[in-house]
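Data block below; observations after.
The values are calculated or read from the model by the stated rules, or taken from the named source; none is laboratory data. These numbers come from a predicted model, not from an experiment. Cβ atoms come from the backbone with ideal geometry, glycine included; neighbour counts cover every protein chain shown.
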Amino acid sequence: MEKIESKNINKIKYNNVLQKIFSFLHQKRLLQVIKNNIKIQNILNINIKNYKEYHDIFSTIKIDIKPSNSFGQFINLNEEDKKYYHIYFNDNKEEIKNKYSLSKGDKVTKIKILIDYQIKSLSHIFWECIGIESINFKKFYRNNIENMSDMFYDCTSLKEINFSSFNTDNVTDMSYMFNGCAFLEELNLINFRTNKVTDMIGMFHACTSLKKINISSFNTENVTDMSKMFSKCSSLKEINLSNLNTKNVDNMSKMFAHCSSLKEIDVSNFNIENVSNMSNMFFECFSLKKLDLSKWNTESVNDISYMFANCLSLEEINLSNFNTENVDSMEGTFSGCSSLKEINLSNFNTHNVTKMRGMFYKCSALKEINLSNFITNDVYNISGMFSGCASLKKLDISNFDTQRVTYMNEMFSGCSNLEELSIYNFNFSNVIDAQKMFSGCSKLKKINLSNEQIALFITLIGSFEECPEELQIIDEFHPEINE
């Protein structure tokens with residue numbers, strides 16, 4: 001087998017070396033060894049160097065190796081240096097045995113990795129290393145690491161990481177750092193210094209077993225993106241965000257989405273004056289019962305679509321200071337909030353909103369709602385807006401201007417207790433879909449509509465077969481012309 005001489009190592013580009021080392025773990029070429037109950041007696045060492053400056057700093061990785069149909073091995077590139085081994089792909093099983101004097105019943109226990117000081121990025125370094133259960137950064141006092149994005153991406157067997165000696169002073173990117181670490185139950189990041197970090201998108205995304213996380217040391221004053229930061233942390237029941245500085249954050253979309261075990265969260269201290277996107281922010285926070293956002297300055301927000309969607313347990317929400325003058329989309333904002341009995345939106349400015357589709361969809365406990373302040377001049381989609389609001393008995397949205405609306409389908413479907421509806425100023429001239437608009441409205445007795453629109457309205461709807469026979473469609477303001 002041809003060996004690579006150590007004097008030629010400097011010709012190997014860093015990225016290629018790093019990629020080979022960890023794609024080796026990812027592809028589990030070492031795993032066949034374990035399938036046959038073979039053990040490497042000595043700890044294997046990988047030397048990642050730029051050969052410009054040497055520092056004796058390493059991380060220790062304990063491996064729980066699983067079976068695979070392929071195998072390979074680490075081969076020593078420098079016979080004089082007994083301490084460190086380099087990566088070399090080898091599919092010769094007998095050669096592996098001979099090289100390491102492997103015997104039946106043996107298995108790999110640890111791999112040590114030496115990372116040269118010149119390397120500044122640990123991005124993707126453990127990408128999809130699904131065999132790793134524990135990582136301990138030992139004597140890792142590096143202060144030149146700048147990028148830790150995707151560092152442990154989809155390490156689905158990882159249960160423990162020790163960062164006690166880890167230095168993050170100069171890191172700027174932590175996006176998707178722990179993404180998909182489905183077996184991590186606890187993370188202590190008390191030593192993390194994050195004052196230079198600008199990107200935390202998806203940092204803990206899909207850490208589905210994470211029950212406890214300590215980020216009390218985080219300085220996030222320079223972070224601009226926190227979207228999906230804790231999304232799909234479905235086991236997280238509580239989190240302390242009191243120290244989080246959000247003054248420069250622009251994106252909070254899906255920040256807590258699918259945090260289905262989170263019963264309470266205090267975000268009242270958030271400075272969100274620069275946030276533009278809050279879509280799906282609390283999406284499917286099934287256990288969340290109360291939210292106080294009364295101190296938020298939302299003047300820069302343009303998207304709150306599905307912001308509270310499927311918060312099934314949400315009973316109370318304070319949006320008294322919400323400034324929505326720049327919001328374009330309110331699609332599905334409160335959809336699926338089935339425990340919400342009342343909501344005050346009197347301060348909402350909707351003059352720039354174009355989408356209200358499913359805004360209150362399946363708000364089945366909502367008994368009344370005042371939308372008299374809503375301006376809908378630019379709205380084109382209100383389909384399913386009140387669909388499934390089974391507790392509503394009376395609804396007055398006579399102030400709605402629907403001259404640009406093209407979709408009204410299923411707008412009131414499933415409003416099974418609705419008795420009176422005022423849509424007096426509705427204009428149906430541009431509507432192309434009004435199917436099932438009143439499907440399931442079995443108690444609807446009266447619709448107040450301008451006489452000028454009644455004929456077109458009836459033609460458009462076609463059938464009111466699911467409504468009671470005594471349903472009246474009348475112009476209450478001009479009773480003399482009602483038939």
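Only one of (1) more than 16 Å from Glu146 (Cβ to Cβ); (2) at pLDDT below 95; (3) part of a loop (DSSP other than H, G, I, E, B) fails for Leu187. Which number is that?
All conditions are met except number (3).
Pairs please, first residue from the range 396-415 and in the same structural domain as Met385 (by TED's automatic domain parsing) and free of Cβ contacts under 8 Å to residues at least 40 places away in the same chain, second anywhere and outside any loop (DSSP other than H, G, I, E, B) and of a type outside the set (Phe, Trp, Tyr), Cβ atoms under 6 Å, 6+ apart in sequence or on different chains.
Filtered contacts from the range 396-415: Asp396/Ser422; Asn409/Asp433.
Quick one: how many residues across the range 212-237 are among the charged types (D, E, K, R), surrounded by fewer than 18 Cβ atoms within 10 Å (Cβ to Cβ) and either modelled with pLDDT under 95 or under 22 Å from Trp127 (Cα atoms) (or both)?
2
Filtering the range 349-366 down to residues that are crowded, with 22+ Cβ neighbours inside 10 Å and closer than 20 Å to Asp292 by Cβ, which residue is farthest from the chain's Cα centre (by Cα)?
Across the range 349-366, the extreme among qualifying residues is Leu366.
Could we say that Thr168 is surrounded by 16 or more Cβ atoms within 10 Å (Cβ to Cβ), polar (S, T, N, Q) and either modelled with pLDDT under 90 or over 23 Å from Asn280 (Cβ atoms) (or both) here?
yes
Across the range 421-445, what is the total count of residues that are under 14 Å from Ile397 (Cβ atoms) and assigned to a strand (DSSP E or B)?
Total satisfying the criteria: 2.
Please specify each residue of the range 406-435 satisfying the condition of being farther than 18 Å from Ala455 by Cα and either basic (Lys, Arg) or buried (at least 23 other Cβ atoms within 10 Å of the Cβ) (or both).
Glu410, Met411, Phe412, Cys415, Leu418
Okay, residues lined up against (1) touching a Phe, Trp or Tyr at 6+ places or on another chain (Cβ under 9 Å); (2) more than 25 Å from Ile201 (Cβ to Cβ); (3) without any contact (Cβ under 8 Å) to a residue 12 or more places away in the chain:
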{"residue": "Phe270", "(1), (2), (3)": "yes, no, no"}
{"residue": "Asn274", "(1), (2), (3)": "no, no, no"}
{"residue": "Met281", "(1), (2), (3)": "yes, no, no"}
{"residue": "Glu284", "(1), (2), (3)": "no, no, no"}
{"residue": "Lys289", "(1), (2), (3)": "no, yes, no"}
{"residue": "Ile304", "(1), (2), (3)": "yes, no, no"}
{"residue": "Glu315", "(1), (2), (3)": "no, yes, no"}
{"residue": "Leu319", "(1), (2), (3)": "yes, yes, no"}
{"residue": "Ile343", "(1), (2), (3)": "yes, yes, no"}
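Working only within the range 367-384, note down all residues that are buried (at least 23 other Cβ atoms within 10 Å of the Cβ) and farther than 21 Å from Ser450 by Cα.
Matches in the range 367-384: Gly384 only.
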